[in-house]
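K.L.:
Attaching a single structure in structure tokens format; questions to follow.
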Amino acid sequence: METPVFLAVLLAAALHAGWNALLKIGLDRFLTAALIQIGAGLAALVALPLVAVPAAGAWPWLLLSALLHIGYNAFLARVYQHGDLGQAYPLARGSSPLLIALLSLLLLHDRLAAGQLAGLLVLVAGIWLMALRGAQGGRLNAALLSNALMTAAFIAGYTLSDAAGARANRDALGYALWLFAVNGAVMTAALVLQRGPAVLSRLRGHWRSGLGGGLMSLAAYAIVIWAMTQAPVALVSALRESSVVFALLVGWLCLKEPLPPARLLAGAVILAGAVLLKLA
């Protein structure tokens, strides 16, 4: 992974942690997640005239990803109902890189060298250490774990779908903008079907938060989609999950969540894994 790609994915990780922090602030977390995705969709819609329509081979992956994002947002909202940001976020995000590494080898033929795999394993170990040892009281409840693992499965699904779609399209930015425009439309339809048309009026008073979070979400994942056309998907996915370190800082500084020593140690392990990935 070249240095510009490495630094870009770290920036995406910081942005990703930022919009996820907004989910914890919202009273209704699924509604907040939908608001952010609709905001990202509107931002992408404005930029669509600047890019070409995706290639025919990219559309099945794009539509599949949009559907998988609905499941991701639904289960992510459930995760935050059972744990604080510093515990829920690493559980949800840190469970997917190994699954992605295996599936990307089988489906996309992305191979990892021994050093790259070592860095990935160290980074993932740090993420799990943060979740398991950094929790308040050191406990992990079953509802949190089950929803986190389901979230991870959806992450793996849409990540691989988007890697395949962006590579088929040969234009990562164009693919990302169309993805978010379609995703916003699908999320709006799903929200209306679940909550009724009146739910849209509830979002009007929160449009600034939705647009701000949506722009962060759009920028973060557009960078990741581009990076997956420049480097193996598993490496990009693992490095992106260093966002748990940024989430740790956001939870501590903005949400006044505790910062136990075990979480600090886990953060150090994650950073060590990121360094190993770069050196490899």
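K.L.:
Report ³J(HN,Hα) in whole Hz for each residue of segment 6-16, in order, from the Karplus equation J = 6.51 cos²θ - 1.76 cosθ + 1.60 where θ = phi - 60°; Gly and Pro get x.
P.N.:
With coefficients 6.51, -1.76 and 1.60, one gets 4, 5, 5, 5, 5, 4, 4, 4, 5, 5, 5 Hz.
K.L.:
Accessible area per residue, 1.4 Å probe, Å², for the chain: what's the number?
P.N.:
Numbers: 11720 Å² over 280 residues.
The answer is 42 Å² per residue.
K.L.:
Can you order the peptides 150-157, 185-192, 254-261 by their average number of other Cβ atoms within 10 Å per residue, highest first?
P.N.:
Output ranking for 150-157, 185-192, 254-261: 150-157, 185-192, 254-261.
K.L.:
From the phi angles alone, apply the Karplus equation (6.51, -1.76, 1.60; θ = phi - 60°) to segment 198-215 and give each ³J(HN,Hα) in whole Hz, x where the residue is Gly or Pro.
P.N.:
Here the 3J(HN,Hα) series is 5, 5, 5, 5, 6, 7, 4, x, 10, 5, 5, 5, x, 5, x, x, x, 5 Hz.
K.L.:
Here is a further query. What is the distance, in nm, between label points placed 7 Å from the Cα along the Cα-to-Cβ direction at residue 189 and at residue 46?
P.N.:
2.5
K.L.:
Could you work out how much longer the chain between residue 279 and residue 153 gets when fully extended? Use 0.36 nm per residue separation minus the Cα distance between them, nm to one decimal.
P.N.:
42.5 nm
K.L.:
List, in order, the whole-Hz ³J(HN,Hα) value for each residue of segment 174-183 obtained from phi through the Karplus relation with A = 6.51, B = -1.76, C = 1.60 and θ = phi - 60°; use x for Gly and Pro.
P.N.:
For segment 174-183, the Karplus curve yields x, 4, 4, 5, 5, 4, 6, 5, 5, 4 Hz.
K.L.:
If you roll a 1.4 angstrom probe over the protein chains with everything in place, what fraction of the accessible area of the chain belongs to carbon and sulfur, to the nearest %?
P.N.:
Answer for the chain is 70 percent, counting heavy atoms of protein chains only.
K.L.:
Same structure again: What is the spin-label model distance, in nm, from residue 200 to residue 256 if the labels are put 7 Å beyond Cα along the C-beta direction?
P.N.:
3.8
K.L.:
Return, for the Cα atoms of the chain, the radius of gyration and Dmax in Å, separated by a comma.
P.N.:
In order Rg, Dmax, the Cα atoms of the chain give 17.7, 54 Å.
K.L.:
How would you order 216-228, 115-127 from highest to lowest mean count of nearby Cβ atoms within 10 Å?
P.N.:
In descending order of packing, they fall as 216-228, 115-127.
The values are calculated or read from the model by the stated rules, or taken from the named source; none is laboratory data. Computed from a predicted model, the values in this text were never measured in an experiment. Note: ideal-geometry Cβ built from the backbone for every residue, glycine included; neighbour counts use all protein chains shown. Accessible surface is based on the protein model in full, side chains and every heavy atom, while ligands, DNA and RNA are left aside. Shrake-Rupley method; radii C 1.70, N 1.55, O 1.52, S 1.80 Å.
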